[in-house]
Amino acid sequence: MATVVPALANLHTETRAFPPSPEFAAQANAQPGIYEQADQDRVAFWADQARSLAWATPFTETLDWSDAPAAKWFADGTLNACDNAVDRHVREGRGDRVAFHFEGEPGDTRTLTYADMHREVQKAANALESLGVSKGDRVAIYLPQIPEAVISMLACARIGAIHSVVFGGFSAESLRQRIDDAEASLVITADGGNRRGKHLALKPLVDEALAAGDHHPEPCATVKHVLTVQRTGQDTHWEKGRDVWWHDVVDPASDSHEPVMVEAEHPLFILYTSGTTGSPKGLFHSTGGYLTGVATTHKMVFDLKPETDVYWCSADVGWITGHSYIVYGPMTNGATQVLYEGTPNTPHEGRWWEIIQKYGVTIFYTAPTAIRTFMKWGEAIPNQYDLTSLRLLGSVGEPINPEAWMWYRRVIGGDRCPVVDTWWQTETGSIMISPLPGVTATKPGSAQKPMPGVGVDVVDDHGDPVPDGSGGYLVLTEPWPSMLRGIWGDRPRYERTYWSRFPGLYFAGDGAKKDADGDIWLLGRVDDVMNVSGHRLSTTEVEHALVSHPWVAEAAVVGASDDVTGQAVVAFVIIRSDAVDLNEDGHEVAVALRNHVSHEIGPIAKPRTILVVTEVPKTRSGKIMRRLLRDVAEHRPVGDVTTLADSTVMDAITAGLEAGKADED
Ligand code: WTA
C-alpha cells in the first residue's frame, strides 16, 4: 500500500527486548494465561472484570451491539462511579488509607484518606444539589490540579450529573464553546491556580466566557451558578446571585449523602477533544463499561498493589489520562496517589524527582515530552534524588522514541523497572495497546500488544490486515466496554468520524506498523490532528483562530516534528497588505498572532513558528496541501508538486524562508 506517513518507510525498528525480572513476573497481577483466557470468550472476560465493581443491581446482559456502532455494555445493571471510587473502600474498612498526597506548587501539602474523600464528596454532592443540579445535568469543571477537581468530578458522578472538565490551559472562548455545546448549568472553577511560581487566573476567564463578547452577542443562557474554590486569594469580580464560594456552600454542607444509582449506560462525563474540523467534539463515556475498562487496565498494566504502592500519574485531570488514570481507574482500585499542582521546573528542575523521593512513589506514569525535556536538562538532576522506590514506569500520549525510552528506563528506572508504553485515546477511554509488565519482554519504542479482550489490527487502504513487517492504519476490530458512546448531540458525526473509513472497524486516526514479531509500533496521526506535548490540536482549529485576526487573509497550519514536544505548531500566514507594513513589523506580527491564538484557544495552541508567505500551496480544487508545508517546516526537500494549481508557490515559500522571514518562538 501507499506509505501512510513519511517516517514509516525508513522507520528503524528496535530489536532490543527487556524481559521482566523473575521477581517482577512472579508477583505480577497479570500472568501469561490472561491472553488465552480473554481470547476464549472476549465478552465473558469483560463480564468477569465488570463483576469486580460494586453494583446496586447486578447486570445480566453483557454486550448489546444491535444498534452498532452505538454499544451497550452491562445495560440492565445499576451502579454509581463515586460509590465505587470512594464509598466502597470506606465500607470495606479501607477508610484510613491515603487516597491523595497533594502537593501544591508553592509547597503546601494536604493528605486526604479515603474517609476524608468520602466526607468531601458527600458535602460537595449536597452542595451541587442545593444549587439545583441533578441527574443528567451537565457541569463544567475548570479548575487547577487540586483535590477539589477530583472531588468535583466525583460529586457530579455521585448525583448522576455529567461532568465536562475543561483543561485550565484553555481560553475563555474555548470554555464558552464547551459550555454552550453541553448546555452546562453550573461551572466549578477557582480564583486561580499556581503555575511557574505565578498566580494564573481562572475565574476572570469564566466571567469572560459567560459574558457577551466578540463571538457571542448574548451572555451564556444556561449557566445558573459559578462555584468558585479559593486557591490563590486573587481578587475577583463577583456576580451576586450567580457566583458562590466553595467555602460558603460546600464546607458547611451535610456530610451525609446517598449516591444516586444510575444505569450502566448513563453518561458519566463528556470530554471535548480536537478532531479534524474547527469545532471540538464532545465525546461521552458510559458509567459501567467505562469503569470496567479503566479499573481492569489499571490493575493489569500498572500492576497496582493498593496496600503498598504509591502511584503517580503526572497528567492533568483536564485530559482523559487524568480522568481514567488519576480519578476513576486508580480510585476504583483503592490506590494511594500523588497529585501535584504545578510544573516540573518550579521552583527547580528536580521537583518531580524530589516528589518521588518524598512520597516513595513506586509507579510513575508520564508523557514522552516530559521525558525528553528531562533528557535535555541532564541526568545529573534526577541523579541527585533517591528513586529506588520506583518499580514500574509508564508512558502515554505520543510515540516514544527508543532513545527517550532507554533514558527513562536507565536514568529514572535504574535499569530495574519495566517500562510500559500505553497507546489509547480519549475515545477509547482506557488503554488499548501496552505490554503487560510481568509478561511481555518490552521493546524500546513499541506499545506492542493489544490488551486482553481488545481487538487491534493494522490495515491497508482497503481495510485488509497487513502482514507482519508492514505498516498501515490502526483499527480496533471489536467493541470494548470503555469505548466512547458517541459525540454529544451528533450521532452522524460519530459514525462518520470513526466508523465510515473502514466499515465495521473503528478507525483510530493513527498510522502503525507490525514488526516481524507482530508487535505494534505507533507512527503518529494520519489525519489533520496534531499532537503537541501529548495535547491534541486540530490544524483547522488553529487556522480558524488565525484568520479571525484582522491582519490575516489566509492561514495554513501543520504539525512539524519537534525534538522535545513531538510535534510543534507551524503556521503559514498570508497577511493583508493593507494591514501592516511587514518590513517594519515582521516580529511583531508573529508575536501578535501567537498571542491571538493563545487568547482564542489557549496557550497550548500557540504556534512555535510563524511564516509569513504570499501564497499557500493548494490543489486545483482548492485544498491546502499540508504535506508540502510539512516538508518546508521540517526542512526537507519539498515533495511532489505536480498536483499543485501553481507549482511556483513552493519555490516562493522556500525562498522567503531562506530570506529569514520565519519567526520562531
Ligand atoms: C496519540 C491520550 C503513540 C495517538 C491518551 C492517539 C500515542 C492520540 C500514544 C490520542 C502512544 C497516545 N504512542 N501515540 N503510547 N498514546 N497517542 O485523545 O496519536 O489525548 O490517537 O489520548 O495520542 O490522544 P488523546
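Just so it is clear, none of the values below were taken in a lab; they were calculated from the coordinates. Everything quoted here is computed from the prediction, not taken from an experiment. As a convention, Cβ positions derive from the backbone with ideal geometry for all residues, glycine included, and neighbour counts pool all protein chains shown.
Here are the numbers:
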| item | result |
| --- | --- |
| Proximal charge balance of W245 [Cβ under 14 Å; K/R count +1, D/E count -1] | -2 |
| Normalised contact order of the chain, rounded percent, pairs of Cα under 8 Å and 6 or more residues apart | 14 |
| Residues D562, D87 arranged by fewest to most Cβ contacts within 10 Å | D562, D87 |
| Paramagnetic reach from A380 (point 7 Å along Cα→Cβ, amide N under 17 Å) across region 339-353 | 348-351 |
| Magnitude of the charge dipole, the chain, Cβ model with Lys/Arg +1 and Asp/Glu -1, debye to 20 | 720 |
| Cubic angstrom per residue, convex hull over Cα atoms of region 350-471 | 128 |
| Environment charge of L436, counting only residues whose C-beta is closer than 9 Å and scoring Lys/Arg +1, Asp/Glu -1 | 0 |
| Ordering of 274-282, 326-334, 433-441, 59-67 by packing [mean C-beta count within 10 Å, highest first] | 326-334, 433-441, 274-282, 59-67 |
| Values of log10 I(q)/I(0), in the order q = 0.18, 0.20, 0.22, 0.23 Å⁻¹, for region 220-273 under a Debye, Cα-only, solvent-free model | -0.95, -1.02, -1.05, -1.05 |
| Separation between Cα centres of region 237-262 and region 299-330, rounded to whole Å | 27 |
| Virtual spin-label span in nm between D468 and T276, 7 Å along Cα→Cβ | 3.2 |
| Cleavage-rule hits, trypsin sites (Lys or Arg not before Pro), region 382-462, DSSP coil, Cβ neighbours within 10 Å at most 16 | R416 |
| Computed P(r) (all Cα pairs; region 123-172; 5 Å bins; percent) | 5, 23, 32, 22, 13, 5 |
| Charge-dipole axis of region 11-455 as Lys and Arg at +1 and Asp and Glu at -1 on Cβ define it, positive-most pick from I270, V439, L283 | V439 |
| Three principal axis lengths of region 451-578 [C-alpha, angstrom, descending] | 58, 38, 26 |
| Residues listed by number, region 289-322, amide nitrogen under 13 Å from S389 label point at 7 Å toward C-beta | 308-313 |
| Sequence of E541, E103, E263, E258 once ranked by neighbouring C-beta atoms within 10 Å, starting from the fewest | E258, E263, E103, E541 |
| Cβ-placed point charges (K, R +1; D, E -1), dipole of region 529-664 about Cα centre in debye, nearest 20 | 560 |
| Burial ranking of peptide ranges 117-130, 375-388 (average Cβ count within 10 Å, highest at the top) | 117-130, 375-388 |
| The chain: calculated mean residue ellipticity at 222 nm from DSSP helix runs of at least 4, using -39500 (n - 2.57) | -8000 deg cm²/dmol |
| Percent breakdown of C-alpha pair distances by 10 Å bin, ordered from the shortest bin, for region 482-527 | 23, 42, 27, 7, 0 |
| Peptides ranked, highest mean first, by Cβ atoms within 10 Å: ranges 502-514, 644-656, 471-483 | 471-483, 502-514, 644-656 |
| Residue-count net charge about E120 - beta-carbon cut-off 9 Å; Lys, Arg +1, Asp, Glu -1 | -1 |
| Cα-based equivalent ellipsoid of region 160-239: semi-axis lengths in Å, sorted from largest, via gyration tensor | 21, 14, 12 |
| Mean projected area (nm²) of the alpha-carbon convex hull when region 66-169 is viewed from all directions | 8.9 |
| Translational diffusion coefficient (Stokes-Einstein; Kirkwood radius from C-alpha pairs) of the chain at 10 °C, 1.306 mPa s, in µm²/s | 62 |
| Relative contact order [Cα under 8 Å, 6+ residues apart], region 525-607, whole percent | 28 |
| Top positive-direction residue, dipole computed over the chain with Cβ charges, set T497, L143, A545 | L143 |
| Simple label model, 7 Å out from Cα along Cβ direction - W245 to A70, nm | 4.5 |
| Part-to-part distance (alpha-carbon centres) for region 519-576 and region 103-138, which is given in Å | 37 |
| Inter-label distance for E92 and A212, nm, one decimal - labels placed 7 Å from Cα along Cα-to-Cβ | 5.5 |
| Per-residue Cβ neighbour rank within 10 angstrom, fewest leading, H199, H596, H89, H587 | H587, H199, H596, H89 |
| Given K449/K513; K443/K514; K203/K224; K281/K513, the pairs whose alpha carbons are separated by over 21 Å | K281/K513 |
| Approximate shape of region 510-621 as ellipsoid semi-axes (Cα gyration tensor, √5λ), whole Å, largest first | 31, 15, 11 |
| Dimensionless Rg ratio for region 237-337, taking C-alpha atoms and the 2.2 N^0.38 Å reference | 1.36 |
| For the chain, with +1 on Lys and Arg beta carbons and -1 on Asp and Glu, the positive-most of T369, S171, Y408 along the dipole | Y408 |
